[in-house]
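One structure below.
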Amino acid sequence: MTVTLNLTHRFDPSVRRHYLNEALSVLHCHHYATLYTQLALDAEDLGGVKNLIEAGADVFGGFLNDYYAKQGITSAADRIDIAQQYWKTVGMGLIDISSSDEKSGKATMEYSHLDEGWLKKWGGIDRPINFFTQGFLVGVFSAVYGKSPDSYEVSETKSLVKGDDISEFTITLK
Amino acid sequence: MAIDREKIIDEMSKIKVVGNDEGLIPALGVYVQQLPADFWNGFATRMIKSIDPELADAVETMLERAAHECGYYTGHGIITSEEWDKVVKPMVEKVPEDILYGAYAVFSAWGWANSEIVELVPGEKMVVRAYNYYEADGAKAAGIVRPFAHMIRGVSAAFMDLAYGDQFPNGLDTFTCEQTKGIECGDEYGEFVVTKK
């Protein structure tokens with residue numbers, strides 16, 4: 001059975017704020033996302049990449065946890081389906097979490113906001129840079145399998161910005 | 001002034017932003033995404049809280065830089081978009097001042113900050129007040145009690161670059177912004193003073 005993501009948008013004119021399912025949300029562009037990514041890389045020795053991945057894991061995992069609870073989404077397959085729809089709906093790209101269980105998983109992206117944006121802004125680079133999606137996947141697996149966000153780690157094994165035909169992510173339980 | 005701020009906010013806040021079949025949102029000459037404010041705040045505050053305080057200025061400069069560049073290109077995309085032409089352009093009488101006033105209405109409509117220009121000296125100086133902005137939430141939650149609205153600072157400088165700098169895309173970095181007040185500091189509103197570099 002297919003589940004459909006139900007995202008309700010609300011604008012509160014009194015404070016000029018947007019909400020997606022009551023989570024405060026903001027519009028930003030690929031310049032902002034790629035420059036945050038570059039900042040994380042420049043500050044990698046200061047924890048930049050780690051902080052970006054952890055921020056994503058906490059926030060996206062938290063959003064999904066809340067969604068699953070409120071909507072009564074209990075099966076792992078449905079939860080994964082909802083997560084994929086979420087990433088697509090908010091403009092982050094087309095993600096296919098092709099395999100998943102509590103201990104590991106694989107995901108690929110044929111289209112990616114971060115990679116398309118990076119290529120458009122700067123061209124290619126010789127290393128994976130999609131820390132937004134790495135954090136998202138940590139959040140997804142922790143939410144789907146009911147674990148804390150620090151339970152999983154993700155490696156990006158193929159990357160659109162490196163010239164691969166897809167981006168590929170491997171998720172493992174620590 | 002010909003700019004009807006409330007009408008612009010009403011119209012521009014209704015724009016639907018949803019990923020296409022590729023999960024992307026190409027709009028205004030850029031790719032757009034709509035993520036929780038907590039994510040952006042979470043990264044900024046984690047960085048500042050996790051590093052040596054002596055390095056905080058450098059990291060905050062980078063955060064502001066990201067917004068400055070984003071504001072320049074996205075700002076240009078906004079004021080050359082179909083949506084702008086339809087909603088704001090008919091109200092524009094004085095260029096570029098009305099464009100700036102209109103841009104801050106869009107700034108508010110899109111949830112970046114409930115902000116408006118309170119002083120504008122054409123080509124020289126602009127003062128913006130923000131009465132509600134998500135960056136203050138993040139700073140407060142992290143216990144940061146100093147001006148912390150890097151996004152508003154960067155985008156405000158970028159808007160002045162677009163208005164009074166060299167013709168796009170050569171005007172970036174003409175202006176700079178100083179945040180003189182902040183909700184995160186206990187002030188009633190955030191205040192941002194943009195001047196020539």
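Here, each number is a calculation from the coordinates, and none is a lab measurement. This is a predicted model, so every value here is computed, not measured. Here Cβ is always computed from backbone atoms with ideal geometry, including for glycine, and neighbour counts include all displayed protein chains.
The mean of 1/r over all distinct Cα pairs in the range B:1-94, once inverted, gives the Kirkwood hydrodynamic radius of 16.1 Å.
Working note: Cα gyration tensor of the protein assembly as shown, eigenvalues times five, square-rooted, sorted largest first, giving semi-axes of 34, 22, 20 Å.
In the elastic network of chain A, a GNM with C-alpha springs shorter than 10 Å, the most mobile of A:Arg17, A:Arg127, A:Arg79 is A:Arg17.
In debye to the nearest 20, how big a dipole does the protein assembly as shown give about its Cα centre with +1 on each Lys and Arg Cβ and -1 on each Asp and Glu Cβ? Intermediate results must be reported in sequence, preceding the final value.
Values: 34 positive and 55 negative charges, 83 e Å.
Computed charge dipole of the protein assembly as shown: roughly 400 debye.
Axis of helix B:150-164 versus longest Cα principal axis of chain B: the two differ by about 30°, to the nearest ten degrees.
Think of the protein assembly as shown as having a plus end and a minus end, set by charges on the Cβ of Lys, Arg, Asp and Glu; of A:Gly117, A:Ser75, B:Gly143, A:Ser75 sits farthest toward the positive end of this dipole. What shape does the range A:1-118 have by the C-alpha gyration tensor, where a ≥ b ≥ c are the square roots of the eigenvalues, rounded means a/c under 1.5, and otherwise prolate means a/b greater than b/c and oblate the rest? Since a/c reaches 1.5 but b/c is at least a/b, the shape of the range A:1-118 is classed as oblate.
When only Cα pairs below 8 angstrom with a gap of at least 6 residues are kept, the range A:123-174 shows a relative contact order of 38 percent. Compared with the direct C-alpha span, the chain from A:Ser151 to A:Ser98 gains 17.1 nm at full extension, assuming 0.36 nm per residue. Here chain B is treated with +1 on each Lys and Arg Cβ and -1 on each Asp and Glu Cβ, and its dipole about the Cα centre works out to around 120 debye. Considering Cα pairs under 8 angstrom that are at least six residues apart, work out the relative contact order of the range B:12-139 and quote it in whole percent. Reported as a whole number, the value is 24 percent.
What would the Debye equation give as log₁₀ I(q)/I(0) for chain B at q = 0.08, 0.10, 0.19 Å⁻¹, counting only Cα atoms as equal point scatterers? Values, matching the q order: -0.25, -0.40, -1.44.
Computed over the Cα atoms of the range A:51-174, what is the ratio Rg over Rh, Rh following Kirkwood?
Reported Rg/Rh (Cα atoms, Kirkwood Rh): 0.96.
For the range A:85-95, the Karplus equation 6.51 cos²θ - 1.76 cosθ + 1.60, evaluated at θ = phi - 60°, returns couplings of 5, 4, 4, 5, 5, 7, x, 8, x, 9, 10 Hz by residue, with Gly and Pro reported as x. Considering only A:Phe11, A:Phe141, A:Phe63, the mean-square fluctuation computed in a Gaussian network model of chain A, springs between alpha carbons under 10 angstrom, is largest for A:Phe11. Amide H contacts for A:Glu102 (H built 1.01 Å from N in the peptide plane; partners 5 or more residues away or on another chain; cut-off under 5 Å): none found.
When both the range A:128-161 and the range B:76-125 are represented by their alpha-carbon centers, they are found 38 Å apart. Rounded to the nearest 500, the 222 nm mean residue ellipticity of the protein assembly as shown from helices alone is -14000 deg cm²/dmol, with -39,500 (n - 2.57) taken per DSSP H run of at least 4 residues. Compared with the direct C-alpha span, the chain from B:Asp187 to B:Tyr131 gains 19.2 nm at full extension, assuming 0.36 nm per residue.
The distance between label points at B:Asp166 and A:Lys162 comes to 3.8 nm (points 7 Å beyond Cα on the Cα→Cβ vector).
With a point put 7 Å past each Cα toward its Cβ, work out how far A:Arg10 is from B:Lys86 in nm, to one decimal. Each label point is offset 7 Å from its Cα along the Cβ direction, giving 2.6 nm.
Placing +1 on the Cβ of every Lys and Arg and -1 on the Cβ of every Asp and Glu, with nothing else charged, gives the range A:42-109 a dipole about its Cα centre of roughly 260 debye.
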